[in-house]
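Below is one structure; the comments refer to it alone.
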Amino acid sequence: MSDTSDAQDTAVRLTDIGKRFPGVIANDQVNVTVRHGTVHALVGENGAGKSTLMKILYGVQKPDSGTIEVDGRQVSFSSPADAIAAGIGMVFQHFMLADNLTVLENVVLGAEKLYGSGDRARRRIHELATSYGFDLDPDRLVEDLGVGDRQRVEILKVLYRGARTIILDEPTAVLVPQEVDELFENLRGLKAEGLTVLFISHKLDEVLAVADDVTVIRRGRTVTTVDPKQTTARQLAELMVGSELPSPSTETSTVTDVVALSVRDLSMFDPQGGRDLLTDVSFDIRRGEVVGVAGVEGNGQAELVEAIMGMRKVQGTIALGDEDVANWSTARRRESGIGYIPEDRHRHGLLLDAPLWENRMLGHQTREPNRKGPFIDRGGARADTERIVEAYDVRTPSIDTTARALSGGNQQKLIVGREMSSEPLLLIASHPTRGVDVGAQAAIWDHIKTARREGLAVLLISADLDELIGLSDTIHVMLRGRLVGTVDPQTVTPEQLGSAMTGAEVPA
Amino acid sequence: MTELLEKATGTVRKVRPTWPVVLLGVAAVILLLAVLREITGAQDVASSGTVRAAIRAAMPIALAGLGGLWSERSGVVNIGLEGMMIMGTFGAGWAGYQWGMWAGVAFALLFGAIAGGLHAIATVGFGVDHIVSGVAINVIALGAGQYLAGLAFTGKQGGGPTQSPPVEPMSTFDIPGISNLAQTLESKHWFFVSDLGAIVLGLTSRLTPLVIGGLLLFVLTWWVLWRTTFGLRVRSCGESPEAAESLGVNVYFYKYVAVIISGALAGLAGAFLVNDSTVYREGQTGGRGYIGLAAMIFGNWRPGGLLAGSSLFGYTDALRLRSGGESVHALVLLLAVLLLFYAIYMLRTRRSQALASVALAVGLLAIFVLTDEIAGDFTGMTPYLTTLLVLALFSQRLRMPKADGQVYRKGSAG
Amino acid sequence: MRFDVRRAALTLAAPLLAIIFAVLVTSLVLAVAGDPVGEVWSTIFSKPKPRNIVNIINSGSVLYLSALAVAVGFRMNLFNIGVDGQYRLAAFVAAYVAGEAWLPGKLNVVFSIVVAIAVGAIWAGIAGLLRVTRGVSEVISTIMLNSIATYLVAYLLRQVSAKGTNNIHTNDIPVSSQLAGFKIVPDAPIAVYTLSLLAVVAAVFYWLLLNRTVFGFNLRATGQSESAAVASGVNVKKMIIVSMLISGGIAGLIGMPLLFGDSYNYGLTFQTGLGFAGIAVALLGRNNPIGIAFAALLFAFLNEQSNALQLTAGVSNDIVNIMQGVIVLSVVVAYEVVRRYNNAAEQRRVAAQLESTRQPEEVAA
């Protein structure tokens, strides 16, 4: 594909797009050309600027610079309504659905002029659903639908508006394997109808399986566009990360015989009445051991972590050292030596509007050096925050800066420093390097490895298979709330692990 | 698996009453009241006078609640209803004594809408916390009402700094045919039939255009919010403004409109009070804005439920006015019996709740047996206690708009 | 630290702008209504007489207590709208207890205050309990409890009053338990309530509790991010109950300066509505103990100075209520605008500072 391709061929052309937010450059001279009737994948690391770019194309955000062409005409979108009018539709990573409205209401919302909001609309939805093989009842409430069906509602919304170009933002992140297959089948159907699909992902196998063109974005810039038939996953990964592909290779084993955490028969029911979130999960972590849990997101990893932290009710035993902590409060578990790097640092790890030194206390407010009797030890907390900022290279003007002002990587380094500072017996690290820059990623890996050498037991949850394989001593595979197998990270390849996660045979 | 799913959804299933169920329920209530009247001899628990008084008491609550419904369906919590209602009473009194009650209604709508607009600017435009803004609106409206009344009514004949000159109320009318028949039935003192007659008579005689208009507004609200494009967009702003914006809906616009309508309806509730007492009086609203809000929550953010909630509050209020001690005393018995039924119903699934209900029922029975009537103060408490009780028992089953009370900023989609 | 100065200046600018805006709006209302604008302001901003100063201190301290009670809840995103009912019920029970004089002299005072704290706490605790066990919003339940308190007090008041008289009030507090007050303002014919000191005590308690204790840290953390607080090990249910109890306990103090320094009994004329004023004062003072002090004094000043309006300018003093309402609404708007501006400015500044030391390598989705 060349840049001089005929306007007839080109569905969307983005030229020199730039977008800055306070403190970060999200997009910088991004150039993408999408051909008609193709599936075009946009790949890049978390935080590379893919989602921002798509929000610009969909009119949610305005670019600071650059031009957008749709079907050869230059356009300027000030709201999604403009983008919709130009034939562009978007399925967001987090579904944009109103749970308490019906499928019909969700679909016709904002496009009532097309077919009204009554029987005509119902007929049209039915037509579309059958022609694309979606099995959806227009009058059901969205809250009663499963994830796959919700995604189909999202796609239906886009089709209903007559979109010719459909953006899908990380559509597979929330799907179980057979749903992913169904989705890809649907995408091929759309392509056959002459529609153009823009597909955002950081899962390279999927990209190679479904895309006609692949554009790689790194740190807000387009690197190149490649043909997936002549590219391997390894090559793509190197393009995504840059020349130095840091690999968290394990060193000699430091696993001891002392069991730090022993989990037996953990089960959790869904309060909403869906399928059980966890079923009979049992495993041990010994001192000096990193145990990884691999699995497609939404298969119970988050629930497992919250169960061990005591944030959700669960059945079964959780033994920390010799003591059963299953009925302990979160505070008591933390005090007895569990450190916690949460998956979503903004929701669970930080007080965004509080200064760094108060964030140093969060989760450790009942212990030294933060406490003197019933009182806060401000001096102790501040001094220790200075130490963490120094030791963990948290880049900040001062410890009185609010957490919100820091970049993601620096926020995460603060959290890692904080959780390590109390010399925990067990560290629960949930996606510890998600959304952080490469430098911070390497630093965080180093800290985990050092602590492991000193006898720390680590439970590592990650979607990054290289990270899992590189850091773990043992990897359990999790599927639909169960541990379905154990693999040896010394011998397993990311491809094998990936297929094990989707329910295929677990390699010996 | 499917069994488990069924069991689980059974506990949270949303019950949408159908017409036969509603009618049956109404019949059951009338029957209960008839039995109660026979047993206790408290004639006023079901008389046309009580029903009429109940309507008068229920309408302002219902209209204020309807205002709350509009606002909250668009995602804006409105505890400023009380203040908006105060503005309505002033508008109705000020225009009403000069140019008649219809002008009063127009100005009540206008003044209420202005207060609603203020709430919208603060909450939608500036993203201020909804409760905070509502409290501020109430403070401003209270002061504005008093100041304006002092300015407008002092020295006017029949008026003063806290009261407007008398307003000519709207004329009342009967629905011919039905009301005559009902009156005949009520006078027969037949079990159930006369009670039904009394209630029908209360509903069809000495009506004002405001009562009819208010009821029509309920139908209109239901139709607009659940049957039109406009309503779908308003509701989508309350359920998921991000989704709405991602589909090109101008979220701010619909929130503004809904909150302004909300204020206008609260203002109309104020006009109803003025028409009813033929003057504007300071402190006339007496917290009805808050009760309206409670009635709306009671009614699960739906017009039908709101109407039922307001009727209940109106009814207890009416009983208080009409030989209150005796009637409410009778009502205590009814409540005790209902609680016992509830306890039996819950016995299988929620043991602790059932036991609590039994304890409460026994307590109420004791009160019923040991006293002859209930002091007026306690009857005055009834709507508030009922609200607390209902919320405590059912709040987990209520379904408020998902994004209700959340501040929404443009550009949050995605 | 240069930046913190700027941030503080902006934070102070917000209430000042709000007050100026409120003066403008009020002037506009007066002008439209045909009232003498100039005379109104010259009356309100005239030098207060010694007597007025005492009144301002007295009502300011009462408003301060009320605002503190509200602020405790606000700091953890709890809206205790029910301070009004809590203090009225507490004042009534305390007045009854004090009037019965089971204990002698000053002991009677101390005992009554403890009773008031307990009653306020229990009444607020009901709302806390309903919230954590049944999921009932405290906004609605405290509003309902306000109304219930009104009827309950009316009922109890008639039970304890002497039968067959029009003097519906609790027994007068014995003279040995009445507090004479401090004559600290020269030439004033009246004294500052002794129990105005409660405001000072409560202020120190509030500041220490919130800013210096682990409990206070947990409370603030819960207010800022409930999910982060839960992950850090805070028991949010317990926090809700305890903060409601503290809030209600402080609310119980509101009526005490009046009771022991002025009215000596609880009757139909006992001051009401202080709880709602407290909400406004807490918002203006931004839940900060010093900010609230200024806000309480400002509100007390406006209330006191406006009393003369009818005489000097022929204007109803209700105009002050409008002004107070406008101050509250505009100040919350101003705080919100400043908050957003500050956040963006700090992010920019941190980025700029770091950019000068290295190339930006960070990008975000």
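The values are calculated or read from the model by the stated rules, or taken from the named source; none is laboratory data. From a predicted model like this one, the values you see are computed outputs, not experimental measurements. Every residue, glycine as well, gets a Cβ built from its backbone with ideal geometry; the counts of neighbours run over all protein chains shown. In case anyone asks, the SASA skips ligands and DNA or RNA and just uses the protein heavy atoms, side chains included. Shrake-Rupley method; radii C 1.70, N 1.55, O 1.52, S 1.80 Å.
Output the residues belonging to the stretch B:85-142 that are among the hydroxyl-bearing types (Ser, Thr, Tyr) and open to solvent by 10 Å² or more (accessible area, probe 1.4 Å). Reasoning before the result, please.
Of the residues in the stretch B:85-142, the ones among the hydroxyl-bearing types (Ser, Thr, Tyr) are B:89, B:97, B:123, B:133.
Result: B:97, single match.
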| Matching entry among C:100, C:39 (being among the acidic types (Asp, Glu), surrounded by fewer than 19 Cβ atoms within 10 Å (Cβ to Cβ) and farther than 26 Å from residue C:331 by Cα) | C:100
| Is at least one residue of the stretch A:49-60 at pLDDT 85 or above and either part of a loop (DSSP other than H, G, I, E, B) or not assigned by TED's automatic domain parsing to the domain that holds residue A:235 (or both)? | yes
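So if I check each of A:331, A:391, A:326, A:307, which one is within 22 Å of residue A:479 (Cβ to Cβ) and out of contact with any helix residue (DSSP H, G or I) (no Cβ under 6 Å at 6 or more places or on another chain)? It would help to see each step written out before you state the result.
Details: A:331 fails: within 22 Å of residue A:479 (Cβ to Cβ); A:391 fails: within 22 Å of residue A:479 (Cβ to Cβ); A:326 fails: within 22 Å of residue A:479 (Cβ to Cβ).
One residue alone meets the criteria, A:307.
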| If you take just the helices (runs of 4 or more DSSP H) that sit entirely in the stretch A:350-464, which of them hold at least 1 residues that are within 11 Å of chain C (Cβ to nearest Cβ), at pLDDT 85 or above and over 26 Å from residue A:319 (Cβ atoms)? | A:356-361, A:378-391, A:408-421
| said: For the stretch A:151-162, give me each residue that is buried (at least 21 other Cβ atoms within 10 Å of the Cβ) and either at positive phi or under 22 Å from the mean Cα position of the chain (by Cα) (or both). | reply: A:151, A:152, A:153, A:154, A:155
| request: Considering each residue of the stretch C:311-332, count those that are farther than 23 Å from residue B:134 by Cα, part of a helix (DSSP H, G or I) and open to solvent by less than 40 Å² (accessible area, probe 1.4 Å), and give that number. | output: 0
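May I ask you to verify whether residue B:333 is of a type in the set (A, V, I, L, M, F, W, C) and under 20 Å from residue B:52 (Cα atoms)? Working first, answer last.
Numbers: of a type in the set (A, V, I, L, M, F, W, C): yes; under 20 Å from residue B:52 (Cα atoms): no.
No.
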| Tell me, which residue of the stretch A:55-82 that is aliphatic (A, V, I, L, M) and at the interface with another protein chain (Cβ under 8 Å from one of its Cβ atoms) is nearest to residue A:19 (Cα to Cα)? | A:60
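Restricting to the stretch C:155-182, count the residues that are surrounded by fewer than 15 Cβ atoms within 10 Å (Cβ to Cβ) and at pLDDT 85 or above. Talk me through it step by step, then tell me what you get.
Just the residues of the stretch C:155-182 that are surrounded by fewer than 15 Cβ atoms within 10 Å (Cβ to Cβ), to begin with: C:158-159, C:162-167, C:175-176, C:180.
After this cut, where a residue has to be at pLDDT 85 or above as well, the list is C:158-159, C:175-176.
Summing the residues that are surrounded by fewer than 15 Cβ atoms within 10 Å (Cβ to Cβ) and at pLDDT 85 or above in the stretch C:155-182 gives 4.
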| note | Picking from B:150, B:145, the residue that is out of contact with any strand residue (DSSP E or B) (no Cβ under 6 Å at 6 or more places or on another chain), within 14 Å of another protein chain (Cβ to nearest Cβ) and open to solvent by 10 Å² or more (accessible area, probe 1.4 Å) would be B:150
| request: Of the numbered conditions (1) farther than 30 Å from residue C:33 by Cα; (2) within 22 Å of the chain's Cα centre (by Cα), residue B:173 fails exactly one; give the number of that condition. | output: (2)
| note | Taking the stretch A:90-109 and keeping only residues that are in contact with a Phe, Trp or Tyr (Cβ under 8 Å, 6 or more places away or on another chain) and either touching a residue at least 60 places away in the same chain (Cβ under 8 Å) or not assigned by TED's automatic domain parsing to the domain that holds residue A:201 (or both), one is left with A:90
| said: I want to confirm something. Restricting to the stretch A:110-139 and keeping residues that are at the interface with another protein chain (Cβ under 10 Å from one of its Cβ atoms) and without any contact (Cβ under 8 Å) to a residue 24 or more places away in the chain, which single residue is most open to solvent (accessible area, probe 1.4 Å)? | reply: A:113
| message | open to solvent by 40 Å² or more (accessible area, probe 1.4 Å), among the basic types (Lys, Arg) and facing chain C (nearest Cβ under 10 Å): is that true of residue B:409 in this structure? | response | yes
| task | Run residue A:89 past the list (1) part of a strand (DSSP E or B); (2) more than 30 Å from residue B:225 (Cβ to Cβ); (3) not hydrophobic (A, V, I, L, M, F, W, C) and report the number of the one that doesn't hold. | result | (2)
| Is the stretch B:273-283 home to any residue that is surrounded by fewer than 22 Cβ atoms within 10 Å (Cβ to Cβ) and of a type in the set (Lys, Arg)? | yes
| request: Kindly indicate whether residue B:45 is assigned to a helix (DSSP H, G or I), touching a residue at least 12 places away in the same chain (Cβ under 8 Å) and closer than 30 Å to residue B:253 by Cβ. | output: no
| field | Subset of the stretch B:15-54 [β-branched (Val, Ile, Thr) and open to solvent by 30 Å² or more (accessible area, probe 1.4 Å)] | value | B:15, B:18, B:21, B:22, B:26, B:29, B:35, B:39, B:40
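Would you be able to say whether some residue in the stretch B:350-369 is assigned to a loop (DSSP other than H, G, I, E, B), farther than 20 Å from residue B:55 by Cβ, out of contact with any helix residue (DSSP H, G or I) (no Cβ under 8 Å at 6 or more places or on another chain) and open to solvent by 10 Å² or more (accessible area, probe 1.4 Å)? Reasoning before the result, please.
Just the residues of the stretch B:350-369 that are assigned to a loop (DSSP other than H, G, I, E, B), to begin with: B:350.
Narrowing the set further to residues that are farther than 20 Å from residue B:55 by Cβ leaves B:350.
In the following step, the residues that additionally are out of contact with any helix residue (DSSP H, G or I) (no Cβ under 8 Å at 6 or more places or on another chain) were identified as B:350.
From what is left, the residues that are open to solvent by 10 Å² or more (accessible area, probe 1.4 Å) are B:350.
Yes, the conditions are met somewhere in the stretch B:350-369.
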| In the stretch A:330-348, what residues are in a helix (DSSP H, G or I), within 24 Å of the chain's Cα centre (by Cα) and facing another protein chain (nearest Cβ under 7 Å)? | A:347, A:348
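Just to be sure before I move on: is residue C:151 open to solvent by 30 Å² or more (accessible area, probe 1.4 Å) and in contact (Cβ under 8 Å) with a residue 12 or more places away in the chain in the structure I sent?
On the way: open to solvent by 30 Å² or more (accessible area, probe 1.4 Å): yes; in contact (Cβ under 8 Å) with a residue 12 or more places away in the chain: no.
In short, no.
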| said: So for the stretch B:83-100 (the condition being assigned to a helix (DSSP H, G or I), among the hydroxyl-bearing types (Ser, Thr, Tyr) and within 14 Å of chain C (Cβ to nearest Cβ)), does at least one residue qualify? | reply: no
